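In what follows, a single structure is set out as structure tokens and then discussed.
The values are calculated or read from the model by the stated rules, or taken from the named source; none is laboratory data. Remember, it's a predicted structure, so these values are computed and weren't measured experimentally. So basically every Cβ, Gly included, is an ideal-geometry build from the backbone, and we count neighbours across all protein chains shown.
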Amino acid sequence: MKNKYLQLFLISNILIILDQFTKYLVALHIPQNMSIRIIDNFFNLTHIRNPGVAFGLFADSDLEMKATLFIVFSGIAIIAILVFFHETPSSKKIALRGLILIFAGAIGNLIDRILYKEVIDFLDFHFGSYHWPAFNVADSCITIGVLFMFIDIIKDGTAPQKQQEDPTSESA
């Protein structure tokens, strides 16, 4: 697929639908704050609502306008992602895929914030006494997208260097 905007539209919509569908199934079949053990001592499906941001940060905040602020910040972040996407050359495929994933994840969680004023999380991994905060498909998209962005930076090195003038050529 050559058109990067068509890729953004198709891939992000598939991921947003997957995110919302999995959250719908969890909300429908697993009572809130309950778990279904999938793999002993490793993985559960757990229906948790996160009124905060990543990893439950600010979840306990009493700020009256918290949900509205998170919606506004999410909107600003989504606009910034679209600007970066627009300015990224089509040749930077890893970066573009990363931005598509981040965009889809941001939209998926924004939908939850608008509908419920919190985000539905359900993927619950643990190993022994170590427990990773529950997350969802949108969070996974964001995390993998950021990883793709880091890979692109490492692959291409730092920011493009300004082409140096050849000292043997004469200026007019």
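Candidates are the residues of region 127-152 that are of a type outside the set (Phe, Trp, Tyr) and loosely packed, with under 14 Cβ neighbours inside 10 Å; the one that is modelled with the highest pLDDT is Leu147.
Of everything in region 110-140 that is without any contact (Cβ under 8 Å) to a residue 40 or more places away in the chain and not in a strand (DSSP E or B), the residue that is nearest to the chain's Cα centre (by Cα) is Ser140. Restricting attention to region 81-96, the residues being without any contact (Cβ under 8 Å) to a residue 60 or more places away in the chain and in a helix (DSSP H, G or I) number 8. When Ala80, Ala95 are checked against the criterion of being at pLDDT 90 or above, of a type outside the set (S, T, N, Q) and surrounded by 15 or more Cβ atoms within 10 Å (Cβ to Cβ), Ala95 stands alone in meeting it. Annotation note: Cβ proximity below 8 Å between a residue of region 146-159 that is over 10 Å from Lys92 (Cβ atoms) and aromatic (Phe, Trp, Tyr) and a residue that is modelled with pLDDT of 90 or more and surrounded by 14 or more Cβ atoms within 10 Å (Cβ to Cβ) (sequence gap 6+ or interchain) occurs for Phe148/Ile94; Phe148/Ala95; Phe148/Arg97; Phe148/Gly98; Phe148/Leu101. Check region 19-35 and report whether any residue there is at pLDDT 95 or above, surrounded by 13 or more Cβ atoms within 10 Å (Cβ to Cβ), within 30 Å of Lys155 (Cα to Cα) and touching a helix residue (DSSP H, G or I) at 6+ places or on another chain (Cβ under 6 Å). The answer is yes; a qualifying residue exists. Within region 1-47, the set of residues being farther than 25 Å from Ala106 by Cβ and assigned to a helix (DSSP H, G or I) comprises just one member, His29.
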